[in-house]
Amino acid sequence: KVLNVISVYAPQVGLCEEFKRLFWEDLDEVVQGIPQNEGLFIGGDFNGHIGSRGEGYETVHGGLGYGVRNSAWVSILDFAVAYDLSIVNSYFRKREEHLVTFKSGSTRTQIDYFLVRANTRRWCRDCKVLPSECLATQHRLLVLDMEIRGVIRRKRKVGVYKVKWWNLKGENAAKL
């Protein structure tokens, strides 16, 4: 099975709407180019708050997010609905320190997410922030644990068949 991994960095809330629109159009174009039978994992800084509950978006939001929604939430959740993606962070019950992906002074938010096709969410075993791993001064490392099981195909043996000489006694020898 082919797995497609996309890393994103969405425009910040304060930027003009044109930048945001172009980001979502470009991401739409990339995702549309990936066949439905291939795995899809999108991870990165979406610069939006999806909130702690999935009200109205239960098919994509697991109800275990962090904080309250901001103005950018609708883009993330609508995108997830449009492509049948699950926001993996919201499906695992965690303490606050394992949910907060961005921390600056007293500001604590969740703006980094992993999105996967709904039919592959069962591969996801855990999704959490490692608070002790600081990649940058404000962002915290978000980790997705997955278990991917594929179908093992047995190779057909090609070559010379064994002759079982010990079976060539009596009637079997006469048939040969």
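The values are calculated or read from the model by the stated rules, or taken from the named source; none is laboratory data. Nothing here was measured: the structure is a model prediction, and the numbers come from that model. Every residue, glycine among them, receives a Cβ derived from its backbone with ideal geometry; neighbour counts consider all protein chains shown.
Please state which one of 140, 125, 108 is surrounded by 10 or more Cβ atoms within 10 Å (Cβ to Cβ) and at pLDDT 90 or above.
Working: 140 fails: at pLDDT 90 or above; 108 fails: at pLDDT 90 or above.
None of the others qualify; the one that does is 125.
Taking the criterion of being in a helix (DSSP H, G or I) and either over 30 Å from residue 103 (Cβ atoms) or within 16 Å of the chain's Cα centre (by Cα) (or both), the residues of the stretch 21-50 that qualify are 25, 27, 28, 29, 30, 31, 32. Restricting the stretch 53-67 to residues that are surrounded by fewer than 16 Cβ atoms within 10 Å (Cβ to Cβ) and among the charged types (D, E, K, R) leaves a set whose member that is nearest to residue 79 (Cα to Cα) is 58.
Scanning the stretch 60-104 for residues that are modelled with pLDDT under 90, part of a strand (DSSP E or B) and within 18 Å of residue 116 (Cβ to Cβ) turns up just one, 61.
Scanning the stretch 18-44 for residues that are aromatic (Phe, Trp, Tyr) and under 17 Å from residue 116 (Cα atoms), we see that the one that is modelled with the highest pLDDT is 41.
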